[in-house]
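The values are calculated or read from the model by the stated rules, or taken from the named source; none is laboratory data. All figures in this text were calculated on a predicted structure; none of them were measured in a lab. Heads up: the accessible areas ignore ligands, DNA and RNA and are worked out on the full protein's heavy atoms, side chains in. Shrake-Rupley method; radii C 1.70, N 1.55, O 1.52, S 1.80 Å.
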Amino acid sequence: MSFAQNSERATEIFEEVDARRSKITFEKTDMQMIIYNSRGNTRNRSINSFSFHKGEEEKSLLVFEEPANVRGTGFLTLSDGNNEVQKLYLPALGRIQTITASQKADKFMGSDFTYEDLGDQNPDDYEFELIEENENTAVLRAVKTENSQYSYIKFYINTERYSLEKAEYFDEDDEMIKRLEAENFTNVDANIWRANKMTMYDLKTNRKTELIWSNRVINESIPGWRFTERGLKRN
């Protein structure tokens, strides 16, 4: 396989993952975020999650419910093609902060996910190479064409259900610094699979953060105001 064919096949695989993910127009779920420090102590957060996909347009809102010290915090991501805007509302400050390019590598709410990790992962933002493909797994090497905290990412894709099973994140020294593992998959609609648990491991600090989804509601309309600055403050 030539490099061009290799790149084309890798891009095709990731685009299919994105296409299936985007087939769900509305999605509402409950989430638990469990942050483990290096000693194994945990902090738990309860979150309501709302998302919308239509064509090139993608919107998501996370609203923190528990504990009391983060209640009402909202995180809004708006994507349209290659344009992405992320906004964070902190009730204690009473203002909405737009996440800048230089803040994308910052940890989100003390977790092991950064703002970049929570972005839309548009296939157009990456250059892909197919490292290997066997019966039902493809390993892709992905380099972001714009600014990224990572030198490259390896995506492990299940090509039976076109779902992301694992991601490994590397720095400029070729060292793996983080790893994401997805598990407990559910077929939510017509061979569209969702992980019900994702764990991000920070390999440098020996920490991890788990995201656990429950009470998933698919394609039940969510009012448009949810995905606005007004919606961010109306939690």
Relative contact order of the chain, pairs being alpha-carbon contacts under 8 Å that are 6 or more residues apart, as %: 21
Share of carbon and sulfur in the accessible heavy-atom surface of the stretch 84-235 [1.4 Å probe, %]: 42
Relative contact order for the stretch 68-180, counting Cα pairs under 8 Å that sit 6 or more residues apart, in percent: 13
Difference of contour (0.36 nm per residue) and Cα-Cα distance, T159 to E127: 9.6 nm
Accessible surface of K208 - all protein chains present, 1.4 Å probe, nearest 10 Å²: 50
Fraction of the pair-distance distribution of the chain above 22 Å, Cα-Cα pairs, percent: 54
Relative contact order [Cα under 8 Å, 6+ residues apart], the stretch 170-219, whole percent: 29
Whole-number D in µm²/s for the stretch 84-137 (Stokes-Einstein; Kirkwood sum over Cα pairs; 20 °C, 1.002 mPa s): 155
Solvent-accessible area per residue for the stretch 87-235 (1.4 angstrom probe, square angstrom): 51
Solvent-accessible surface (1.4 angstrom probe) belonging to K104, in square angstrom, nearest 10: 40
Additional length obtainable on full extension of the chain from R230 to N196, 0.36 nm per residue less Cα span: 9.3 nm
Folded to 0 to 90 degrees: helix 3-21 orientation relative to the chain principal axis, Cα: 30
Gap separating the Cα centres of the stretch 27-103 and the stretch 205-235, nearest whole Å: 7
